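The values are calculated or read from the model by the stated rules, or taken from the named source; none is laboratory data. A quick note: this is a predicted structure, and the numbers were derived from the prediction, not measured. With ideal geometry, Cβ positions are generated from the backbone for all residues, glycine too; neighbour counts draw on all protein chains shown. What goes into the accessible areas is simple: the full protein's heavy atoms, side chains included, and nothing from ligands, DNA or RNA. Shrake-Rupley method; radii C 1.70, N 1.55, O 1.52, S 1.80 Å.
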Amino acid sequence: MPSRLTSHRLGRLPVRSRISVLMLAMLATMASIYVAGRLWQDAENRVYLMKELDTRIGQGKSAISVDDTLKIINCWEQQKQLSALEMELAGAKKAGFVSKYSSAGDDTRKKKLLAVIGITTQFGRRRNRDAIRKAWMPIGAALKNLEDQKGIVVRFVIGRSANRGDSLDREIDIESSQTNDFIILDDHVEADEENPKKTKLFFAHAADTWEAEFYVKVTDDVLVKIDGLVAILSANLDTSRVYIGCMKSGEVFSEPGDKWYEPDWWKFGDAKSYFQHASGEIFVISQALAQFISINRSILRTYAHDDISAGSWFIGFDVKHIDETKLCCSSSWSSGAVCAAI
């Protein structure tokens with residue numbers, strides 16, 4: 001009996017083994033299909049995400065090519081070289097260098113001038129202007145020679161009539177066409193109370209039009225010795241921010257009836273005394289200060305008088321004030337004086 005039972009059980013083992021192997025094979029196949037499906041799904045997701053990323057960061061380009069990178073580097077290098085050349089050019093211009101390839105039609109910027117002199121004048125003062133032309137301001141070809149030989153430009157400075165185009169404007173236009181020695185400020189209306197603004201606009205216009213070491217404001221009731229003025233300017237060429245004139249101070253007039261009434265008198269304190277400033281008959285500023293006025297013309301405050309206004313523009317900056325007694329204009333020529341009142 002034992003031998004029969006044993007042989008019977010042994011006879012059934014191969015059948016069960018075949019069933020187990022078949023089941024394992026089916027499970028393995030199903031597992032492989034499942035894993036393959038998940039991998040395929042993950043791969044599709046990754047492709048989708050990569051396409052989205054490419055679209056958002058580069059319109060389909062996820063990386064910059066080597067050629068593009070080299071082009072960008074080359075542009076950077078050229079930008080650096082251009083910036084360096086611009087700095088060198090600015091330094092050369094400051095030193096007075098003028099390129100021989102400059103446009104022939106750009107007469108006002110051929111070279112750096114020594115000075116631009118603006119003589120502020122008004123309507124009805126033709127007699128004063130003629131007196132200046134006879135005394136110290138050249139006319140015609142001599143005026144051009146003064147610019148070419150000594151680097152000095154001289155012009156009368158005037159605005160426009162409140163009634164634009166009236167007889168006052170026409171008279172100035174005719175005189176200007178005959179003498180060619182005017183700066184006409186079209187945006188300025190002539191009025192006694194507007195003289196400080198006219199001085200500001202002259203400096204701005206002159207700095208924008210001519211490149212000069214100095215800019216000089218003179219009134220039309222003053223005679224000037226050009227050679228003496230040139231000597232003063234030449235002695236101060238090494239100072240970049242300089243303000244030269246007959247320095248003075250004085251009382252601030254707070255009563256409306258006074259000739260020198262200052263509407264903003266209260267700004268000058270209880271002592272009612274002006275700060276040091278150059279007398280308005282004639283004073284000089286360097287190029288840096290003229291450029292400062294040009295840039296800030298819209299926000300620079302003016303007071304009742306142009307000399308006070310100009311002094312206020314420079315009082316808060318690192319500016320060298322030079323009290324030059326030779327620019328103190330009296331009614332007669334004093335020893336060594338550069339100017340005298342008409």
Answer yes if at least one residue in the range 194-213 is among the aromatic types (Phe, Trp, Tyr), open to solvent by 10 Å² or more (accessible area, probe 1.4 Å) and touching a helix residue (DSSP H, G or I) at 6+ places or on another chain (Cβ under 6 Å), and no otherwise. yes
Check SER167, SER176 and return the single one that is hydroxyl-bearing (Ser, Thr, Tyr) and exposed (fewer than 14 other Cβ atoms within 10 Å of the Cβ). SER167
Could you tell me whether any residue of the range 296-309 is under 18 Å from the mean Cα position of the chain (by Cα) and crowded, with 17+ Cβ neighbours inside 10 Å? yes
Quick one: GLU194 ticks every box in (1) part of a helix (DSSP H, G or I); (2) among the acidic types (Asp, Glu); (3) in contact (Cβ under 8 Å) with a residue 40 or more places away in the chain bar one, so which box is it? (3)
Odd one out for VAL153, checked against (1) of a type outside the set (Phe, Trp, Tyr); (2) open to solvent by 30 Å² or more (accessible area, probe 1.4 Å); (3) touching a strand residue (DSSP E or B) at 6+ places or on another chain (Cβ under 7 Å): (2)
Based on this model, can you work out whether LEU70 counts as assigned to a helix (DSSP H, G or I), of a type in the set (A, V, I, L, M) and modelled with pLDDT of 65 or more? no
Which ranges mark the strands (runs of 3 or more DSSP E) fully within the range 227-342 that have 3 or more residues being hydrophobic (A, V, I, L, M, F, W, C), at pLDDT 95 or above and closer than 18 Å to LYS197 by Cβ? none
Quick one: ILE184 ticks every box in (1) touching a helix residue (DSSP H, G or I) at 6+ places or on another chain (Cβ under 7 Å); (2) open to solvent by 20 Å² or more (accessible area, probe 1.4 Å); (3) farther than 21 Å from THR325 by Cβ; (4) in a helix (DSSP H, G or I) bar one, so which box is it? (4)
If the requirement is being assigned to a strand (DSSP E or B), under 18 Å from LYS134 (Cβ atoms) and out of contact with any Lys or Arg (no Cβ under 9 Å at 6 or more places or on another chain), which of these qualifies: VAL216, VAL154? VAL154
Within the range 126-150, track down each residue that is part of a loop (DSSP other than H, G, I, E, B), touching a strand residue (DSSP E or B) at 6+ places or on another chain (Cβ under 9 Å) and open to solvent by 20 Å² or more (accessible area, probe 1.4 Å). TRP136, PRO138
